[in-house]
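See structure below.
The values are calculated or read from the model by the stated rules, or taken from the named source; none is laboratory data. Note that this is a predicted model, so its numbers are computed, not measured. Cβ coordinates were reconstructed from backbone atoms using ideal geometry, including for glycine residues, and neighbour counts include every protein chain displayed.
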Amino acid sequence: MAFGQTQKATSQIPVASMADIAFLLLIFFISTTIFRMEEGLPVALPRAETAQRQERELIMHVWIDKQGHIAINDRVVAVEDISGVVMKVLQEKPGLIVAFNADERCPYSVVSDVMEELKKANAVRVSFTSEPEAAANAAADANAE
Amino acid sequence: MKKLSVRSRLSTQLSLPSTSDIAFLLLIFFLATTIFDLEQGIYMVLPGQQSQSVRVRRDNITIVKAYADGSITIDDKAIAVSQIRTIIQGRLARNDKTVVVIETHPDADYGLMVDILDELRLAEARTISLKTMLGNGVP
């Protein structure tokens with residue numbers, strides 16, 4: 001009759017596969033990271049608590065800097081040209097949302113003029129791009145330190 | 001007596017154990033630098049060219065004015081940005097048909113208008129109208 005052998009449970013964590021996991025995660029981050037180049041104009045966005053996430057595919061950015069210069073798709077444009085540019089984009093994307101990436105210190109008259117041009121082009125869906133309040137506070141704290 | 005020279009053999013192997021360390025370092029770099037870009041903003045639908053103007057009873061209108069010097073008034077009473085939410089919530093409780101008009105001076109900061117809009121959204125005002133002030137806005 002054979003004697004029953006007692007099995008000893010190992011208490012070690014297998015670390016050999018850690019490198020494989022690290023490589024997999026590395027490949028994921030390398031393939032998904034986009035080093036975004038600065039586009040448009042330099043702006044300090046206003047802060048808002050009620051900012052909602054928008055569908056990226058439908059968004060067209062309008063940049064307005066502190067001096068009131070307007071840029072669409074990396075090109076500085078005059079106010080009167082906006083409706084023409086927007087109309088072309090609207091034909092390709094019917095549900096277009098125009099996102100105002102305007103500097104918080106820019107004069108409201110510029111934003112108002114752009115909105116009038118958007119109405120002419122019948123681009124009625126707009127979004128006032130803003131930084132979430134929490135993120136903006138964190139950035140302010142980091143700058144203070 | 002002359003020593004015999006010892007020939008050193010060059011190893012052709014890659015040191016594999018250190019590759020995992022490099023992988024971890026790169027992983028930490030990408031984890032720290034990756035920002036998942038989110039598009040956030042206050043969404044609004046503007047009246048289009050075909051939209052017809054709607055008549056609203058004067059009692060249902062609340063006008064929030066933003067001036068070039070940064071001051072704000074509600075129905076010509078000076079207030080601070082932080083007070084907007086409470087005042088509008090009170091008016092909406094009394095009359096749920098309240099239409100809020102943000103009348104902004106052309107020289108006022110755009111950020112001031114967004115601050116007001118944000119407060120109105122927090123007060124759950126559903127009908128908001130944007131207007132540009134004519135003249136200096138003094139009645």
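Side notes on the structure shown:
Results for (1) surrounded by 19 or more Cβ atoms within 10 Å (Cβ to Cβ); (2) within 22 Å of A:Val124 (Cβ to Cβ), shown as yes or no for each residue.
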residue	(1), (2)
B:Ser82	no, no
B:Val99	no, yes
B:Ala108	yes, no
B:Met113	yes, yes
B:Lys131	no, yes
B:Leu134	no, no
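- Condition check for A:Leu118: under 17 Å from B:Gly41 (Cβ atoms) and surrounded by fewer than 17 Cβ atoms within 10 Å (Cβ to Cβ): no
Let's see how each residue does on (1) closer than 15 Å to A:Ala121 by Cβ; (2) part of a helix (DSSP H, G or I); (3) modelled with pLDDT of 90 or more:
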position: A:Asp20; (1), (2), (3): no, yes, no
position: A:Leu25; (1), (2), (3): no, yes, no
position: A:Ile34; (1), (2), (3): no, no, no
position: A:Glu39; (1), (2), (3): no, no, no
position: A:Gly95; (1), (2), (3): yes, no, no
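- Conditions (1) surrounded by 12 or more Cβ atoms within 10 Å (Cβ to Cβ); (2) under 29 Å from A:His61 (Cα atoms); (3) more than 8 Å from every other protein chain (Cβ to nearest Cβ): number failed by B:Gln52: (1)
- The stretch A:100-114, subset farther than 16 Å from A:Gln54 by Cα and either surrounded by fewer than 20 Cβ atoms within 10 Å (Cβ to Cβ) or of a type in the set (S, T, N, Q) (or both), residue nearest to the chain's Cα centre (by Cα): A:Glu104
- Of the residues B:Ile42, B:Ile22, the single one that is under 24 Å from the mean Cα position of the chain (by Cα) and either more than 7 Å from chain A (Cβ to nearest Cβ) or of a type in the set (A, V, I, L, M) (or both) is B:Ile42.
- Test: B:Leu16 is of a type outside the set (S, T, N, Q) and facing chain A (nearest Cβ under 7 Å): no
- Subset tally (residues that are without any contact (Cβ under 8 Å) to a residue 12 or more places away in the chain and within 18 Å of A:Glu116 (Cα to Cα)) for the stretch A:85-99: 1
A quick yes/no check of all residues on (1) under 26 Å from A:Cys106 (Cα atoms); (2) crowded, with 19+ Cβ neighbours inside 10 Å:
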{"site": "B:Asp59", "(1), (2)": "no, no"}
{"site": "B:Ser71", "(1), (2)": "yes, no"}
{"site": "B:Gln89", "(1), (2)": "no, no"}
{"site": "B:Ile116", "(1), (2)": "yes, yes"}
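- Checking the stated criteria, A:Leu96 turns out to be more than 15 Å from the chain's Cα centre (by Cα) and surrounded by 13 or more Cβ atoms within 10 Å (Cβ to Cβ).
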